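A quick write-up on the structure given underneath.
The values are calculated or read from the model by the stated rules, or taken from the named source; none is laboratory data. Just so it is clear, the structure is predicted and the values come from calculations on it, not from any experiment. No Cβ is skipped: glycine too gets one built from the backbone with ideal geometry, and neighbour counts run over all protein chains shown. These accessible areas exclude ligands, DNA and RNA; they are computed on the full protein's heavy atoms, side chains included. Shrake-Rupley method; radii C 1.70, N 1.55, O 1.52, S 1.80 Å.
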2 protein chains.
Amino acid sequence: MRRLPDLTDSFPGPFPVSPHAPHVQAQLEEWLTRYPLIGSERARHALCDITAHGIARTFPTADAAGLEIAADLLLWLTAFDDAHAEQEGARDPAALVRRIAAFLRPGADGELPGGTDPFGAALADVLARARRRAAPEQYVRLTSALRDSLYGLVWEAHELAGGGRVEVADYRAMRPHTVFVRTVVATAEPVLGYTLTPDERDARPVRELESAVGDLAGWINDLASYERERKRSGGRDPFSLPALLAAEHGCDVDKAFEMIAAMCEEEARRARARITELTAPDSASSTATATHARALESIAASYVWHIGHGRYGG
Amino acid sequence: MRRLPDLTDSFPGPFPVSPHAPHVQAQLEEWLTRYPLIGSERARHALCDITAHGIARTFPTADAAGLEIAADLLLWLTAFDDAHAEQEGARDPAALVRRIAAFLRPGADGELPGGTDPFGAALADVLARARRRAAPEQYVRLTSALRDSLYGLVWEAHELAGGGRVEVADYRAMRPHTVFVRTVVATAEPVLGYTLTPDERDARPVRELESAVGDLAGWINDLASYERERKRSGGRDPFSLPALLAAEHGCDVDKAFEMIAAMCEEEARRARARITELTAPDSASSTATATHARALESIAASYVWHIGHGRYGG
């Protein structure tokens, strides 16, 4: 049994869960009836289930409409990744580039108007709802993070097509985009209804917290999904941190798991220290900063929660 | 002699020129000494010359520091396009994707922190200055437009590598990104110091004006650069509107030039009508909207001016 990180000191759980989880799951199923992003009924149910339960931990205090937006967007990214990026993208990177280009047609300000296939139409639907809810700056920030997530998929497809030998530093830099955590973080303000000032957003503890949660999300996902991805790609090493770190250090994957588990524990400690600092009763932080820190805490918790979930089980 | 559009009715000129043009040209030369983006001295001087004189018409009323930012950013995009996109990008699209990925590393909010090669360092420099000058929303909007410009180059490289046969509608949709006009438009607010409200930004005449100027910029560029691009690619049709339109209509390039010239004249009339409407003394438009319309007028004028300039001469 490979070592998984023990994050109970930093993120002990149990994690708060939104009471809207069942509603969101039903709404996701309905959304996928309107926008058929996933062919297999079994895969559809599984993705609605894990997305609803994950997002209910990501934003446990969100109202139902906000949680629906966050859930739809995350499900859209996951379904798009499954259908058109990953293996499919690596087989034909140019097709992926063209498909994403269709989302970038100049339209309304910051708008990604979509195109006419189900993915384009579904994206236009969820973004229109996000736009109505968000302040203009929040919306541009969200679509900017989404652009980076999509660019991350393009990058990943090309690296995969080229054999998947990238330096660990380059992989680590892109991983927060490809795991979508930056887009999830960008949804927090409009979904939870707070606004950071520029100074609050730039404050060093906030930046460090976002960085730690970004790393943690990607690395946890890489560990938790390793066996599943290996099976999917016919026994080859997946394009993820364990294999890249093993190659760079000349060690085996078990040893790489050890190292990554320790890295996760360290990032979790960093995140926890910043959360404690930013939410302390006697802290100089504003209410918005404390709310943001709590949002990042629950975003991290949702990834920690994923370690034990079926989609990623070995 | 192929027909070029006659835009004198809509954009009669002479176009106002910033008094800072010589200063900006000297500053560009200095900037390229610090950031050696262009190897050939002759090419460097030529690009500094046309960028300074073009941008001096794009933002004739800007202050010197604002004009420097706009000039550096436009020069950066042009130099990056020449060095790493276009032919080079088509030869190795994956290398272009990786190079742009290095600009997208998560850093400060909306920041594109660059990487360590001259292009990364130069981009970080100009964006840091833009960020100090811009409101947070303006800055995110600018880097979002810049992301789209870079994505446009990725798209173009893949289409070129795949033979360059795309539908005219798809080409037209991406052209405002690849000609960088959307990024130029996004610099207007921070450079000229005005701010549109969300309602002003979404107003139909404003959207139509931006769309007309976006189309006009790309089409003018395609006509004006046709012979130059053809020579550069060894006599093959460049990846631009004349060849694509000729292929789609089964006509020759001369006829396509006729059609595009007429399209340009029509877009110029659309743009002029909206500018007149938005800047009329008895208009209901706000001061910011009128300033924005004037900015789009001079942005369009700078592309009209390019028709006659040496870089694009047949």
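Placing unit charges on the Cβ atoms only, positive for Lys and Arg and negative for Asp and Glu, gives the protein assembly as shown a dipole magnitude near 300 debye about its Cα centre. Helical runs (DSSP H, four residues minimum) scored at -39500 (n - 2.57) apiece and divided by the length of the protein assembly as shown put the mean residue ellipticity at 222 nm at -23000 deg cm²/dmol.
Annotation: A:Cys251 carries an accessible surface of approximately 40 Å², with a 1.4 Å probe and no ligand, DNA or RNA atoms counted.
Hey, quick one: spin label on A:Met259, modelled 7 Å out along Cα-Cβ, who in the range A:155-183 has an amide N within reach, i.e. under 20 Å? The answer is A:164-176, whose backbone nitrogens lie closer than 20 Å to the label point. Computed from backbone phi, the HN-Hα couplings of the range B:38-44 come to 10, x, 6, 5, 5, 5, 5 Hz, rounded to whole numbers (Karplus: 6.51 cos²θ - 1.76 cosθ + 1.60, θ = phi - 60°; Gly and Pro given as x).
Dipole size of the range B:157-314 about its Cα centre, with +1 on Lys/Arg Cβ and -1 on Asp/Glu Cβ: approximately 460 debye, rounded to the nearest 20. Between copies, the label points of B:Pro14, set 7 Å from Cα on the Cα→Cβ line, lie 7.9 nm apart, reported in increasing order to one decimal in nanometres.
Here is how far apart the A:Ala83 label points are across copies: 3.9 nm, shortest first, using a point 7 Å from Cα toward Cβ. When Rg and the Kirkwood radius Rh are both evaluated on Cα atoms of the range A:167-314, their ratio Rg/Rh stands at 1.02. For the range A:21-313, the Kirkwood estimate of the hydrodynamic radius, built from every pair of different alpha carbons, is 19.6 Å. Rounded to whole numbers, the Karplus 3J(HN,Hα) couplings from phi for the range A:152-166 are x, 5, 4, 4, 4, 4, 5, 5, 4, 4, x, x, x, 9, 10 Hz, using 6.51 cos²θ - 1.76 cosθ + 1.60 with θ = phi - 60°, and x at Gly and Pro. Solvent exposure of the range A:21-313 amounts to 37 Å² per residue of accessible area, where only protein heavy atoms count and the probe is 1.4 Å. Per residue of B:172-178, other chain Cβ atoms within 10 Å of the residue Cβ number 3 on average. Under a Gaussian network description of chain B, with springs only between Cα atoms under 10 Å, the residue in B:Tyr139, B:Tyr303, B:Tyr194 that fluctuates furthest is B:Tyr194.
Separation of the range B:147-194 and the range A:68-97, taken as the distance between their Cα centroids, equals 22 angstrom. Taking the charge dipole of chain B about its Cα centre, with +1 at Lys and Arg Cβ atoms and -1 at Asp and Glu Cβ atoms, the residue from B:Ala268, B:Gly162, B:Ser10 reaching farthest to the positive side is B:Gly162.
Of the whole protein surface, A:Lys255 contributes about 100 Å² of accessible area at a 1.4 Å probe radius. When you restrict to C-alpha pairs under 8 Å that are six or more residues apart and normalise by the size of chain B, the relative contact order lands at 24 percent. Name the most mobile residue of A:Ala145, A:Ala290, A:Ala173, meaning the one with the largest mean-square fluctuation, in a Gaussian network model of chain A with Cα contacts below 10 Å. Comparing A:Ala145, A:Ala290, A:Ala173 in the GNM, the peak value goes to A:Ala173.
Leaving ligands and nucleic acids aside, the B/A contact buries around 3300 square angstrom of accessible area in total at a 1.4 Å probe radius. Divided by 2.2 N^0.38 Å, where N counts the residues, the Cα radius of gyration of the protein assembly as shown comes to 0.98.
Which of rounded, prolate, oblate describes the range A:1-48, given a ≥ b ≥ c as roots of the alpha-carbon gyration tensor eigenvalues and a/c under 1.5 marking rounded, otherwise prolate only if a/b is larger than b/c? Since a/c reaches 1.5 but b/c is at least a/b, the shape of the range A:1-48 is classed as oblate. Protein-only accessible surface at a 1.4 angstrom probe places the residues A:Thr291, A:Thr183, B:Thr195, B:Thr61 in the order B:Thr61, B:Thr195, A:Thr291, A:Thr183, largest first. Among the protein heavy atoms of the protein assembly as shown, carbon and sulfur supply 52% of the accessible surface, probe 1.4 Å, non-protein parts ignored.
Projecting the Cα atoms of A:Tyr35, A:Ser285, B:Ala203 onto the charge dipole of the protein assembly as shown (Cβ charges, centred on the Cα centre) puts A:Tyr35 farthest toward the positive pole.
Computed from backbone phi, the HN-Hα couplings of the range B:196-204 come to 7, 6, x, 5, 5, 5, 8, 4, 4 Hz, rounded to whole numbers (Karplus: 6.51 cos²θ - 1.76 cosθ + 1.60, θ = phi - 60°; Gly and Pro given as x).
Ligands, DNA and RNA aside, A:Arg272 has an accessible area near 60 Å² when probed at 1.4 Å. Looking at A:Cys251, A:Leu47, A:Phe239, which one has the Cα that reaches farthest to the positive end of the dipole of the range A:21-313 (charges on Cβ: Lys, Arg +1; Asp, Glu -1)? Projecting each Cα onto the dipole axis, the largest value belongs to A:Leu47. Using the Cβ-Cβ distance between A:Gln87 and A:Glu29 with R0 set to 30 Å, the FRET efficiency from 1/(1 + (r/R0)^6) comes to roughly 0.70.
Taking amide H atoms as placed 1.01 Å from N in the peptide plane, the amide H of A:Ser18 lies under 5 Å from those of A:Arg57, each 5 or more residues away in sequence or on another chain.
Assuming charge only on the beta carbon of Lys and Arg (+1) and of Asp and Glu (-1), the dipole of the range A:21-313 about its Cα centre is about 400 debye to the nearest 20. Shape call for the range B:1-88 from the C-alpha gyration tensor, a ≥ b ≥ c root eigenvalues: rounded (a/c under 1.5), prolate (a/b greater than b/c) or oblate? Oblate, because a/c is 1.5 or more while a/b does not exceed b/c.
Averaged over peptide A:129-140, the number of partner chain Cβ atoms lying within 10 Å of each residue's Cβ comes to 3.
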